[in-house]
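Worksheet for the structure shown next.
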Amino acid sequence: MIRTGIKLLAAALLGAAALSAQADTYPSRPIKVVSPFPAGGATDVLTRVLAERMAKDLGQPMIVENKAGAGTSIGAAFVSREPPDGYTILMATNSTLVTNRYLYKELPYDPDGFAPIGMVGVGPLVLLSSPKRPFASTRDLVDYAKQNPGKLTFATFGPGTSSHLAGELFKQRAGIDILHVPFKGATQALPALISGDVDLFFDMVATGMPQAAAGKVKVFAITSPGRLATEPALPTLAEQGYQGFDMTAWFSFVAPRGTPEPVLERLRKALADALADDAVKQRLLGMGIDPRSGTPAELQAQIRNEQPIVSQLIKQAGVALQ
């Protein structure tokens, strides 16, 4: 028994020494950053902006890979199975860490099974309409929906994403019945909206507003409690009579559970430095995303505070997926 105990202790000490040595040399090769949405969407662009800046601090390339689908579950499941060595990290969203746990009966990953790196940013969505529809305002589309229950459709980034929750909250507050049509991301949903295959879409500012400016879609409102500084003429849904309407998308970086703390600290410093960079700040603000601290404490608080709100919304909406 004594010999066995000595062997186990020795193994533990060797393991700790190996982790310490790994942390001292980290990173010694490129880091993979998984974006759980298709290339070209707001999340993908955000991920690439931050990865490029963080790579300067880390001294190694950060290579973005897109693994889209199932409301971020595909990308999250992939990262959760990777070695906890800091060489694969995930751009996680509301749906990854909060919504999916209430929406799906089974998940291919544990939403609590990640090591937090830090909070990245928060951004509202915009309510868009197909140019094929005669609506000139939010009131127009709500009146039509009430007169024609179940005939209007709304596109989303996928089940459980911020655009899905925004649509469900809008249905509740407006007292209307509109049909959810999930896509893998904005790069698929926007063409469907423009062509008239779907009628409405709650999209991120970064991808939705350029299409509105080009006259390809109509934009009626923003989902934040207050107006966006970069789009001061765009009214909020709360201003239009939907009191307390507040639905935003938020973004964070996480790593597989078990990633050594010194490695996480290297990543956290690189993220904090990136978010403090004026050029990066301006890029994010231009995308309609409010930069945050890059700290794990803020991320954990965001998850904790949002869980009861999302749980109640999904319960009230009666939305559940296999």
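Sort through F170, F157 and tell me the only one that's of a type in the set (F, W, Y), in contact (Cβ under 8 Å) with a residue 24 or more places away in the chain, closer than 16 Å to A70 by Cβ and in the same structural domain as D199 (by TED's automatic domain parsing). Working first, answer last.
Working: F170 fails: closer than 16 Å to A70 by Cβ.
Going through F170, F157 in turn, the sole match is F157.
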Checklist (1) buried (at least 19 other Cβ atoms within 10 Å of the Cβ); (2) in contact with a Pro (Cβ under 8 Å, 6 or more places away or on another chain); (3) not β-branched (V, I, T) applied to Q60, failing item: (1)
Residues that are free of Cβ contacts under 8 Å to residues at least 12 places away in the same chain and either more than 26 Å from G121 (Cα to Cα) or crowded, with 24+ Cβ neighbours inside 10 Å (or both), drawn from the stretch 198-237: A214
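Kindly indicate whether G150 is among the small types (G, A, S), over 24 Å from N94 (Cβ atoms), modelled with pLDDT under 95 and out of contact with any Cys (no Cβ under 7 Å at 6 or more places or on another chain).
On the way: among the small types (G, A, S): yes; over 24 Å from N94 (Cβ atoms): yes; modelled with pLDDT under 95: yes; out of contact with any Cys (no Cβ under 7 Å at 6 or more places or on another chain): yes.
Yes: the conditions hold for G150.
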Index of the failed condition, I117 passing every other in (1) in the same structural domain as P291 (by TED's automatic domain parsing); (2) surrounded by fewer than 24 Cβ atoms within 10 Å (Cβ to Cβ): (2)
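Can V126 be described as touching a residue at least 60 places away in the same chain (Cβ under 8 Å) and closer than 21 Å to Q240 by Cα? It would help to see each step written out before you state the result.
Values: touching a residue at least 60 places away in the same chain (Cβ under 8 Å): yes; closer than 21 Å to Q240 by Cα: yes.
Against the criterion (touching a residue at least 60 places away in the same chain (Cβ under 8 Å) and closer than 21 Å to Q240 by Cα), V126 qualifies.
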Search result, residues across the stretch 114-130 that are at pLDDT below 95 and over 13 Å from the mean Cα position of the chain (by Cα): none
Restricting the stretch 23-42 to residues that are outside any strand (DSSP E or B), at pLDDT 95 or above and hydroxyl-bearing (S, T, Y), the residue that is farthest from G86 (Cα to Cα): S28
E52 vs. criteria modelled with pLDDT of 95 or more, part of a helix (DSSP H, G or I) and acidic (D, E): yes
Residues of the stretch 24-39 classified as touching a residue at least 24 places away in the same chain (Cβ under 8 Å), over 14 Å from E65 (Cβ atoms) and loosely packed, with under 15 Cβ neighbours inside 10 Å, total: 3
The stretch 289-322, residues that are more than 12 Å from Y102 (Cα to Cα), hydrophobic (A, V, I, L, M, F, W, C) and in a loop (DSSP other than H, G, I, E, B): I289
The stretch 273-292 - residue that is surrounded by fewer than 16 Cβ atoms within 10 Å (Cβ to Cβ) and under 20 Å from the mean Cα position of the chain (by Cα) and, of those, nearest to R53 (Cα to Cα): Q282
Only one of L58, L107, L128 that is hydrophobic (A, V, I, L, M, F, W, C), out of contact with any strand residue (DSSP E or B) (no Cβ under 8 Å at 6 or more places or on another chain) and at negative phi: L107
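If you take just the helices (runs of 4 or more DSSP H) that sit entirely in the stretch 55-173, which of them hold at least 2 residues that are closer than 18 Å to F37 by Cβ? Even if it seems obvious, please write down each step before you answer.
Values: elements: 73-80, 100-103, 138-147.
In the stretch 55-173, the matching helices (runs of 4 or more DSSP H) lie at 73-80, 100-103.
The values are calculated or read from the model by the stated rules, or taken from the named source; none is laboratory data. Since this is a predicted model, take the numbers as computed values, not measurements. For neighbour counting, all protein chains shown are included, and Cβ atoms are generated from backbone atoms with ideal geometry for every residue, glycine included.
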